């Protein structure tokens, strides 16, 4: 890409941990200049989170490395009047500000939306919170698992024996961040810029559950946890193969015929219990057992290759290491490796985004920053002199 879509856009990232940083991760890869405004002496909590204790102690935790490449880091004490003045000066030249404090925190600091809008009427101010900026739960603390439970996601995840069950990664945080990034990109395209974006992680998560929600609202059917079974069709779900699970989605009648023909089980097509889609759904567990008598004889990837070739959508259930090493991911530019990451004694490989533009994966040039690595440069660009910066440092502002 000769020009990235968000070239020339300046984003102030006042966020912590996941939803907000993930939002700004998308914007950075799309070309925005992202200045991460971090609490003086502490920084983003994610700097101390992750599976490597040594990196956590160094303030470059894996959780931070995962979604902060390409950003600049400015340490700033927003409780100090001089710190608020620095933020206001930053806002005058910014296009977007993203924060994920609890509702009311920015106002109590004296730098809420109304104050910053007065500094820059064209500012796009995005506030990400667990439950939104109003409502009876507005002041509740919100972490991903809290949102998963409140949204209904956990109630329909797992099966009858283990539900409710948490999704295995922070889906509510991630969906909240993506929703914020989408809203910001839309606001950047408005004829007249300047808006307050209110992102509720709860609502963003529920919005992704359209099928389940509509089954309840329109058809009056309360969603239930169905494990690996796709209750809209059969045979559709996860089946036991010789070496693990195999997903098969024979959702069309012709796919049902192709599948049973290929497995040497065409006789099942004539059984009254399996004749129609509704019959197969009603008797799905018995049908699953019959198919598995053959599927267990060979490895999942062999079946997947053959079934896909004849038009039956299939895929082995892979581990994360398996899929990251597979050419479908490894050779399409989704992974980026940085060799010289400050405070880290090894190369760091991290994910880019899930998109391609003109056949290329959007990327950033710089690794995740050390805490405050760009403080002096950012302040110099704002017009602060060397003496000004030294004074701010002496006062504990930066």
* Structure fact -> On each of the three principal axes the extent of the alpha-carbon atoms of the stretch 236-317, given in whole Å and largest first, is 31, 22, 19
* Asked: Contour minus end-to-end for residue 330 and residue 306, with contour as 0.36 nm per residue of separation and end-to-end as the Cα-Cα distance?
  -> 6.3 nm
* To do: State, to one decimal in nm, how far the label point of residue 292 lies from the label point of residue 117, with both points 7 Å from Cα in the Cβ direction.
  => 5.8 nm
* To do: Give the calculated FRET efficiency between residue 337 and residue 360 to the nearest 0.05, with a Förster radius of 22 Å applied to their Cβ-Cβ distance.
  => 0.85
* Structure fact -> Taking only the Cα positions of the chain, the convex hull volume per residue in Å³ is 178 Å³
* **Between helix 300-309 and the chain: long-axis angle, C-alpha atoms, 0 to 90°, nearest 10** => 80 degrees
* To do: Return 146, 248, 310 ranked ascending by Cβ neighbour count within 10 Å, so the fewest neighbours appear first.
  => 310, 146, 248
* Structure fact -> Relative to the chain, whose Cα atoms define the longest principal axis, helix 81-92 and its Cα axis are tilted in degrees, nearest 10, by 60 degrees
* Which order results if 182, 201 are arranged by neighbouring Cβ count within 10 Å, fewest first? -> 182, 201
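Suppose only helical runs count, i.e. DSSP H with n ≥ 4. What mean residue ellipticity at 222 nm does that imply for the chain under -39500 (n - 2.57) per run, divided by all residues and rounded to the nearest 500 deg cm²/dmol?
Numbers: 18 runs with 149 residues, N = 398.
Using -39500 (n - 2.57) per qualifying helix, the result is -10000 deg cm²/dmol.
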* **Inter-centroid distance (Cα atoms) of the stretch 178-199 relative to the stretch 264-300, Å** => 49 Å
* Structure fact -> Neighbour-count ranking for 139, 25, 262 (other C-beta within 10 angstrom, fewest to most) reads 139, 262, 25
* Structure fact -> For the chain, longest principal axis from Cα atoms; helix 253-262 axis from its Cα atoms; angle between them, nearest 10 degrees, is 70 degrees
* Asked: At a Förster distance of 56 Å, what's the computed FRET efficiency of residue 278 paired with residue 109, Cβ-Cβ distance as r, to 0.05?
  -> 0.40
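Bear in mind these aren't lab numbers, they're just calculated from the coordinates by the rules spelled out. As the structure is a computational prediction, the values presented were derived from the model and not from experiment. Neighbour counts are summed over all protein chains in view; Cβ atoms, including those assigned to glycine, are modelled from backbone coordinates with ideal geometry.
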